[in-house]
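Working notes for the structure below.
Just so you know, all these numbers are worked out from the coordinates, no wet-lab data involved. Note that the structure is predicted; figures quoted are calculated from it, not measured. Quick reminder, even Gly has a Cβ in these numbers, built from the backbone with ideal geometry, and neighbours come from all protein chains shown.
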C-alpha cells in the first residue's frame with residue numbers, strides 16, 4: 001500500500017522509558033502534532049522486557065501517531081540506557097532485557113566485580129546498574145549460544161527498522177566497558193562479561209543516519225514515506241538534554257521521572273570527572289561531551305509507599321496539598337542506590353507517617369541538588385537549569401526541592417522532552433530547521449510557597 005500524497009511529512013521521536021513508552025510526531029515547523037503513550041511492556045514475573053513485544057508496540061504507536069494525516073519522513077528512538085538483549089542473525093531476541101533497576105543485579109555484580117579489570121576511562125562508574133552486568137546475565141540464559149549480536153533495548157527497534165545491528169554511542173557509554181573519549185572498547189571487561197567482542201555491533205554517533213526504514217507493517221498501513229530515514233538515538237537523558245541545549249546553548253536539564261538525571265552538553269570533555277559524574281560523547285559536537293549524574297527517585301518513593309499511611313502523606317506532599325514538617329531537613333531516610341540497593345530509615349527515624357514522608361522527600365531533594373551541583377561544575381558559568389519529567393508537574397515537589405536546595409529552575413512545559421529531542425534529531429537528519437521554541441516551550445520559574453519557604 002502506498003503512502004497518500006495528501007499526508008503531511010512528520011518526524012517521529014520515541015522515548016522508551018522504564019515506566020512508559022512515548023511517541024511524538026513533529027511537523028517541519030517544530031510543532032508537536034500528535035502524542036501517543038503506553039505502559040512499557042514488562043514480564044509478569046520480573047521487571048524484564050521482551051524486545052520483540054516492545055517492537056510490536058512501537059509499530060502500533062507509530063501508526064497511531066500518524067493517524068490519517070501524517071507520513072513518517074524519519075524516526076529516532078531514545079530511551080533506557082543499560083538494558084539490552086542477545087539476538088540471532090535475523091535480529092530475533094534470544095533473551096529478555098534485564099532491567100537496570102532489577103534487584104538481581106546486586107548479587108550478579110558482587111560475583112562479577114573481582115573479575116573486572118580496573119578502568120577509570122569508561123565514562124561511568126562501575127556498579128550493578130551497568131550494561132556489563134546484563135551481559136554476564138545474558139550469557140547464562142538458555143539460548144545464549146545462538147547469539148550473533150548484542151543489541152541495546154533502546155536501539156532494538158531502529159536496528160529492526162533499518163536491518164542493521166548498531167549501538168548508539170551514548171548507550172555504549174552506559175555499558176561500563178566503552179571508552180567514550182577514545183571511542184574504543186575495554187576488551188578485558190568485554191571478555192569477562194559478554195565473552196566475545198564479536199557480539200558487539202558497530203558504535204554509531206547519536207544523530208547519525210543508520211539507513212532507510214524497512215517495515216512492511218508501516219508501509220502497509222500507508223504511513224511510511226519512501227526513503228524515510230532511521231536516525232541513531234541513544235540514551236534518553238543526553239538526547240533530551242541535547243534538545244534543551246538547542247533551546248538555550250549550555251543549559252542544564254534536570255529530568256525527573258523513574259530516576260532523576262541531570263545532564264548538560266559541554267564544549268570539551270572533563271579531564272577529571274568525579275565517579276558520580278558520567279561522561280558520554282557530545283551530540284553533534286565532535287570535541288565536546290555529555291556529562292550527567294543519575295539518582296534514583298521513583299523506586300525510593302515506591303519503597304516508602306509500602307506503608308499505606310506514608311504513601312498517603314507522600315501523595316499529599318508531592319501534590320502540594322500538605323506542607324512538610326521539619327523532618328524535611330533531617331537525615332533519617334537513606335535512599336537506595338542504582339543496582340537494586342534497598343532504601344532504609346535510620347533507627348532514630350520518627351514513626352509518624354507525615355514525618356517519614358517529609359524525611360523521604362527531603363533526602364531525595366538533597367540528592368537531586370547535589371546532582372545539579374555536580375553537573376554545574378562542568379557546565380558553562382551561570383548556565384540555567386531547566387526541569388522536566390513527570391515530577392516537574394507536581395507543584396508540591398518543586399516547592400520542596402527549592403526549599404531544600406535554595407535554587408529555582410525553569411519548568412519545561414512540554415511533557416515529553418526526550419521524545420521531542422529524538423524528533424529534533426530526526427528533523428536535523430532531514431535538513432529541516434524546526435523552531436525549537438515551538439517544540440520545547442519553557443514555562444514559568446518554580447517558586448516557593450507555604451511554611452517550607454521559610455527554611
Subject >> Using alpha-carbon coordinates, inclination of helix 153-162 to the longest axis of the chain, degrees >> reply: 20
**OP:** Provide the packing ranking of 271-280, 364-373, i.e. peptides ordered by the mean count of other C-beta atoms within 10 Å per residue, highest first.
**Re:** 364-373, 271-280
Original post:
How do 432, 397, 391 line up, fewest other C-beta atoms within 10 Å first?
Top reply: 432, 391, 397
Original post:
Listing 145, 352 from the residue with the fewest other Cβ atoms within 10 Å to the one with the most, what is the order?
Top reply: 145, 352
**OP:** Kindly state, to the nearest 0.05, the FRET efficiency for residue 114 paired with residue 6, given R0 = 56 Å and r defined as their beta-carbon distance.
**Re:** 0.35
**OP:** Report the calculated FRET efficiency for residue 89 and residue 69 (r = Cβ-Cβ distance, R0 = 51 Å), to the nearest 0.05.
**Re:** 0.85
Subject >> Angle between the chain longest axis and helix 417-430 axis [Cα atoms, degrees, rounded to 10] >> reply: 30
Original post:
What is the P(r) of segment 211-272, as percent of Cα-Cα pairs per 5 Å bin from 0?
Top reply: 4, 15, 16, 14, 12, 11, 13, 10, 3, 1, 0
Subject >> Extension gain (nm, one decimal) between residue 144 and residue 284, 0.36 nm per residue minus Cα-Cα >> reply: 46.9 nm
Original post:
In deg cm²/dmol, rounded to 500, what helix-only [θ] at 222 nm does the chain give when every DSSP H run of at least 4 residues adds -39500 (n - 2.57) and the total is split over its residues?
Top reply: -9500 deg cm²/dmol
**OP:** Can you tell me the equivalent ellipsoid semi-axes for the chain? Use √(5λ) from the Cα gyration tensor, largest first, whole Å.
**Re:** 34, 27, 21
Subject >> For segment 149-197, the fraction of alpha-carbon pairs in successive 5 Å shells from zero, as % >> reply: 5, 21, 28, 23, 17, 6, 0
**OP:** Send over the Kirkwood Rh of segment 250-367, from the inverse of the averaged 1/r over different Cα pairs, rounded to one decimal Å.
**Re:** 15.7
Subject >> Extension gain, residue 198 back to residue 346 (0.36 nm per residue minus Cα-Cα distance, nm) >> reply: 48.5 nm
Subject >> Nearest 10 degrees, 0 to 90: helix 308-319 Cα axis against the chain principal axis >> reply: 80
Original post:
Among 159, 76, 66, 57, which comes first, then next, by fewest other beta-carbon atoms within 10 Å?
Top reply: 57, 159, 66, 76
Original post:
Taking Cα pairs under 8 Å and at least six residues apart, what relative contact order does the chain come out at, in percent?
Top reply: 19
**OP:** Using a Förster distance of 60 angstrom, determine the FRET efficiency expected from the C-beta separation of residue 45 and residue 267, and round it to 0.05.
**Re:** 0.80
**OP:** Take the Cα radius of gyration of segment 8-233 and divide it by 2.2 N^0.38 Å, with N its residue count; two decimals is plenty.
**Re:** 1.02
Original post:
Out of the DSSP beta bridges found with both residues in segment 8-233, what percent are antiparallel (nearest 5)?
Top reply: 60
Original post:
Between segment 266-298 and segment 347-365, how many Å separate their Cα centres?
Top reply: 32
Original post:
How big is the gap, in Å, between the Cα center of segment 55-131 and the Cα center of segment 188-257?
Top reply: 11
